[in-house]
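Have a look at the structure below before the remarks.
Please treat every number below as a calculation from the coordinates, not as lab data. All of these numbers come straight from a predicted model, not from anything done at the bench. Glycine also receives a Cβ, built like all others from the backbone with ideal geometry; neighbour counts cover every protein chain displayed.
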Amino acid sequence: MEGITLLVTDSTGMKIEMNRKMAIKAGLFKNREIDLSYGMRKVKVKLLIKKRSAEDKIFISGQAVEKLKIERSVPYNCSLEGNCLVIGPVLGMLFKQNSKNLEQALKENPAMFFPYARSIKGLGGLLFFFAEDGIDYDASEISGYFYDFETMSWKQSVFPFPAIIYRKIKASRALKEAFGRRLINPPCYYKWKFYSILKENQAFEKYLPETTNVITKENLDSFLQKYGKAFLKMSNQGGGVGMHLIWKEGEEYLSRQNFTDDTFRYSSAQMIKLLKVCEKNHILQQPIDIKAHQGRQAIYRVIAVKEHAENWKVRAIHGWLGEQGGISTQAYGLTARYPDDLLRMQFEYPPRKVKEKIREMEKLAVALAEHLENACGTFVDFGFDFGLDEKGDIYIFEGNTLQQLEMALWLGDQMMYGELIHRILTALKEMALGN
């Protein structure tokens with residue numbers, strides 16, 4: 001049942017009333033006691049048949065509304081799961097750690113946040129944004145913001161724990177313990193675990209730079225002998241933070257940090273001390289000779305989205321160029337390019353070759369999403385970072401679970417961004433109503 005309006009009755013006790021035709025369609029019968037679920041809350045109610053009621057309205061007693069903490073200003077969908085009538089979806093979007101920062105972001109970035117409101121209005125249900133400091137674990141409530149179309153603004157309110165949480169920040173232990181499998185895009189891996197999970201499948205081996213988490217001078221020397229240079233990367237950081245490119249001149253080791261032009265020199269003894277500090281949270285990785293354009297390395301973010309809560313499909317690919325003369329594909333500032341444009345810039349590919357390479361990236365991304373979800377838990381989107389070497393061979397660098405979906409907005413492509421958000425919310429809706 002879709003597009004259902006919830007109304008409060010003055011009935012005493014825990015009751016729900018609906019039109020006879022609606023009840024039959026849902027498989028419900030008069031005077032039956034059922035569970036009524038909203039988000040993570042559930043109560044037992046008695047079903048009453050209201051003969052003259054409209055088919056798109058359900059009447060709930062004030063006591064039940066208060067217990068479930070139902071927001072009544074939005075239309076909902078209902079589904080019967082066994083003896084439980086699920087009202088929803090109730091979706092929580094965890095985007096910040098601090099509520100003040102979230103409130104500011106909602107006000108200052110309408111192009112980023114309004115598509116969520118527009119999409120959920122069409123899908124039906126409640127979507128609210130919240131920050132981690134807005135969670136009251138004792139009361140099982142969250143202070144957050146939903147979009148009020150009457151005032152055309154984000155309205156603050158208190159909500160029950162949602163059926164699904166879609167996160168865009170790192171997950172704390174308390175968050176993981178409280179929501180478990182309801183936490184979509186769960187914390188799964190850092191760089192080394194990502195590499196290890198993919199190494200389990202031989203089909204991915206040719207796409208992976210050689211990588212180790214055993215940080216010793218012997219392993220560094222082995223990488224330098226094979227590749228001439230080696231990356232030393234922090235395993236738990238993204239965006240190129242803390243990345244060093246290391247090479248050797250004579251008996252000295254040289255190191256250049258990402259986003260800088262500074263070069264540091266180390267003796268053998270000094271390098272041993274440096275690597276000792278990096279033992280627990282770094283990896284050594286083979287540097288790939290990425291095909292550059294005018295001295296800037298190119299990278300492709302391939303966004304795979306789950307369709308109908310089941311199958312994976314690539315819904316967007318964005319490319320960008322790294323810093324001029326930089327050691328990596330990372331760049332400051334908000335820049336993006338369409339993949340076909342960037343492939344032509346890199347390789348001067350004809351249209352047919354561009355389509356073939358994009359198709360190869362899409363096929364690889366879907367295979368990666370399927371493999372990672374089987375290994376890690378329930379996901380709804382991934383952002384994979386691919387680089388192409390001088391021969392056009394693809395290499396996998398990252399699998400982002402907290403990706404920036406708004407890259408399409410950097411291209412000025414609001415339609416692509418809106419479609420991407422709608423696909424994600426559609427999958428979340430189907431997951432929520434199945435809980």
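Tabulated results
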{"item": "Neighbourhood net charge (13 Å Cβ-Cβ; Lys/Arg +1, Asp/Glu -1) for D289", "result": "0"}
{"item": "Test item: Cα-centred dipole of the chain, Lys/Arg +1 and Asp/Glu -1 on Cβ, debye", "result": "1340"}
{"item": "Dimensionless Rg/Rh of the stretch 108-156 - Kirkwood Rh, Rg from C-alpha atoms", "result": "1.01"}
{"item": "The stretch 91-184: translational diffusion in µm²/s, Stokes-Einstein, Kirkwood Rh over Cα pairs, 4 °C, 1.567 mPa s", "result": "96"}
{"item": "Candidate lysines - alpha carbon under 29 Å from K44, same-chain residues fewer than 8 apart omitted", "result": "K15, K21, K25, K30, K57, K67, K69, K121, K176, K429"}
{"item": "Across the chain: Cys residues that no other cysteine approaches within a C-beta distance under 4.7 Å", "result": "C78, C84, C278"}
{"item": "Filtered trypsin sites (Lys or Arg not before Pro), the stretch 241-323: DSSP coil and at most 12 other beta carbons within 10 Å", "result": "K280"}
{"item": "Over the stretch 210-285: Kirkwood hydrodynamic radius from C-alpha pairwise inverse distances, Å", "result": "12.4"}
{"item": "In the stretch 112-181, the chymotrypsin sites (Phe, Trp or Tyr not before Pro) that fall in loop regions by DSSP, at most 15 other Cβ within 10 Å", "result": "Y137, F149"}
{"item": "Cα-based equivalent ellipsoid, the stretch 143-290: semi-axes from gyration tensor eigenvalues, Å", "result": "42, 18, 15"}
{"item": "Descending Cα extents along the principal axes, the stretch 1-69, whole Å", "result": "27, 23, 19"}
{"item": "Rg/Rg_globular for the chain, with Rg_globular taken as 2.2 N^0.38 Å and Rg from C-alpha atoms", "result": "1.16"}
{"item": "Stokes-Einstein D for the stretch 151-212, Kirkwood Rh over Cα pairs, 25 °C, 0.890 mPa s (µm²/s)", "result": "163"}
